[in-house]
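These notes concern the structure reproduced below.
The values are calculated or read from the model by the stated rules, or taken from the named source; none is laboratory data. Note that the structure is a prediction, hence the values are computed from the model and not measured. Note that we place each Cβ from the backbone using ideal geometry, even for glycine, and neighbour counts take in every protein chain shown.
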C-alpha cells in the first residue's frame, strides 16, 4: 500500500522501515501496521530491545548537550535523523546556545513528511532538513540546505546515531564516513553509535534475523570493528563504551549491561 503524506512524498506503508520500527518501539505514533508487527516480532525475541533503543537515544541527547555546553560546538549535521521525538537535537543544543544551527538528514519519506516538527528553531539559530541517503555524501554536502546553514570555516559536529549497523562493509562504510568528515574543519567532532552482538549474541542475532526478514539487513560489529570508525580521531573520555556507560546522568534509566547492544563514542578531528 502506498499513501501520500503531508509533504506529498509517497509512503510505502505496507513494508516496515527502520525509522518507523524505532518509533513504534519507543512508544511513538508515527508508524504503520507493518512497522508495529515487525517491532512486536523483534521484542518477542529480545524483550530488552526497548531498553536498548532508549539508551541509544539517551546517548545522543547527552553527547549533543556535551558538544554544545563543554565543546562550544554551534553547528550540527545529524545523519539518519529518524522521526521527530522531543526533545529533538535542536531543542537540546539551542537550550544551551540559542544560535546553534542544525542540518537534519534522512532518506525516509515519512520523516520528510514530518520534518516541519524539526524546523521549529529559535529565532537566533536555524534548522533545516535534507532528504538524502548517507550512501550519497555528495548529495548531503552539496545540498543547498547544507551550504546555506553550516559554515565549513567553523567546527561542525557530525552525528551518526543508530545508523552504522544498516551500512554494510560492501557499501564502503568507512569510506562513506571519511567522505562526510573530510570537508569538516579541524576541531569538528564525530558522535556515533554502532550496533553489536558482543553482549547478548543469541538475542541480538535473532533481532538481526527479524530485521533481515523485513528487508533491512544489519551488520553488527565487534568492539574492535566499531573502534575502526574512529581511526585518526581523538576520542573523548571514556572512549568507546556501551552507550549507557558514556557520561551517564543521574536521572538516566538504570539498565543491565547485557541489555545494551550498542557502542558509542565521541571523537574530535585533530588540528
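Brief remarks on what is shown
- Flag for residue 179 being at pLDDT 95 or above, touching a helix residue (DSSP H, G or I) at 6+ places or on another chain (Cβ under 9 Å), at negative phi and surrounded by 19 or more Cβ atoms within 10 Å (Cβ to Cβ): no
A quick yes/no check of all residues on (1) touching a helix residue (DSSP H, G or I) at 6+ places or on another chain (Cβ under 8 Å); (2) within 24 Å of residue 129 (Cβ to Cβ); (3) surrounded by fewer than 16 Cβ atoms within 10 Å (Cβ to Cβ); (4) modelled with pLDDT of 90 or more:
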position: 20; (1), (2), (3), (4): yes, yes, no, no
position: 46; (1), (2), (3), (4): yes, no, no, yes
position: 59; (1), (2), (3), (4): yes, yes, no, yes
position: 67; (1), (2), (3), (4): yes, yes, no, yes
position: 70; (1), (2), (3), (4): no, no, yes, yes
position: 77; (1), (2), (3), (4): yes, yes, no, yes
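- Qualifying residue in segment 185-194 (condition: on the phi > 0 side of the Ramachandran plot and crowded, with 17+ Cβ neighbours inside 10 Å): no
- Test: residue in segment 88-102 that is within 16 Å of the chain's Cα centre (by Cα), modelled with pLDDT of 95 or more and not in a helix (DSSP H, G or I): yes
- Within segment 32-70, if we keep just the residues that are part of a loop (DSSP other than H, G, I, E, B) and touching a residue at least 12 places away in the same chain (Cβ under 8 Å), the residue that is farthest from residue 193 (Cα to Cα) turns out to be 32.
Residue by residue, here is whether (1) within 26 Å of residue 184 (Cα to Cα); (2) surrounded by fewer than 15 Cβ atoms within 10 Å (Cβ to Cβ); (3) touching a residue at least 40 places away in the same chain (Cβ under 8 Å); (4) out of contact with any strand residue (DSSP E or B) (no Cβ under 8 Å at 6 or more places or on another chain) holds:
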| site | (1), (2), (3), (4) |
| --- | --- |
| 220 | no, no, yes, no |
| 224 | yes, yes, no, yes |
| 229 | yes, no, yes, no |
| 234 | yes, yes, no, no |
| 248 | no, no, yes, yes |
| 251 | no, yes, no, yes |
| 254 | no, yes, no, yes |
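- Candidate set: segment 166-204, residues that are within 14 Å of residue 261 (Cα to Cα) and free of Cβ contacts under 8 Å to residues at least 12 places away in the same chain; chosen: the one farthest from the chain's Cα centre (by Cα): 202
- Evaluated against (1) under 30 Å from residue 32 (Cβ atoms); (2) out of contact with any helix residue (DSSP H, G or I) (no Cβ under 9 Å at 6 or more places or on another chain); (3) in contact (Cβ under 8 Å) with a residue 60 or more places away in the chain, residue 91 falls short on exactly one condition, (3).
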